[in-house]
Amino acid sequence: MATVREASPSIRRAELMRNTWAPVGNILGNAFRHLGDFFVAYPPMLQGAYYVLMGLWPLLHASSFLLVTGHKTDLWLVDTVGALVSVIGATLCVAAYRRQGAPEVFLLAIGSAGALAAVDVVFVSHGTISLVYLLDAALQIGMVCLWLYAWQTGRSELRPCQIQEAPVAQIVPGPGAAPRA
């Protein structure tokens, strides 16, 4: 006959923790799943929000930006890049809000993420900027992958813009022009 051994106090604590946190884990798992589904459906919202926040950061609080990213000699360049990245981000947020999937939006999103990632990697490898920019490069590459996944799987809610052709104006001959045959 087998004897039943009583669980040790550490095993009982572990089971108690597992049972207590299981509902919390389910709630958080569902929340992150819904958030992930939203960003796959609307990739420009994630990228746009990230760009607006990261672009405004050096403009609104330069000292904390420099503390994280390292000393910069040309602060006007930091402000210029911040302003441009903010504008790109706002444009992507508007595209997400309007659910517009024009090729221009796709090009702006993929092109800006690719360019920023390339700049991050090149200048970190030259020792010009700090290693923290590799985190930004990884996020940029992740955004490119998100866009490609959303468009390839058809899970994006963005609709292509309806392109309306402008009416072709009739050419009216000027004075002294020979009439058409």
Legend entry - Extended-chain gain in nm, criterion 0.36 nm per residue less alpha-carbon gap, Ser8 and Tyr97: 26.5 nm
Inset, instruction - Mind giving me the nanometre distance, one decimal, between the label points for Met17 and Leu84, set 7 Å out from Cα along Cα→Cβ? - result: 4.9 nm
Inset, instruction - Over segment 4-131, give the accessible area per residue in Å² for a 1.4 Å probe, as an integer. - result: 66 Å²
Legend entry - Separation of the Arg33 and Leu66 label points, Cα + 7 Å toward Cβ, nm: 4.7 nm
Legend entry - Residues with amide H under 5 Å from that of Gln100, placed H, sequence gap 5 or more: Arg159
Legend entry - For segment 75-88, Karplus couplings with θ = phi - 60° (6.51, -1.76, 1.60), whole Hz, Gly/Pro x: 5, 5, 6, 4, 5, 5, 5, x, 5, 5, 5, 5, 5, 4
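The values are calculated or read from the model by the stated rules, or taken from the named source; none is laboratory data. Everything quoted here is computed from the prediction, not taken from an experiment. Please note: Cβ atoms are built from the backbone with ideal geometry, for glycine as well, and neighbour counts cover all protein chains shown. Ligands, DNA and RNA are excluded from the accessible area calculation, which covers all protein heavy atoms including side chains. Shrake-Rupley method; radii C 1.70, N 1.55, O 1.52, S 1.80 Å.
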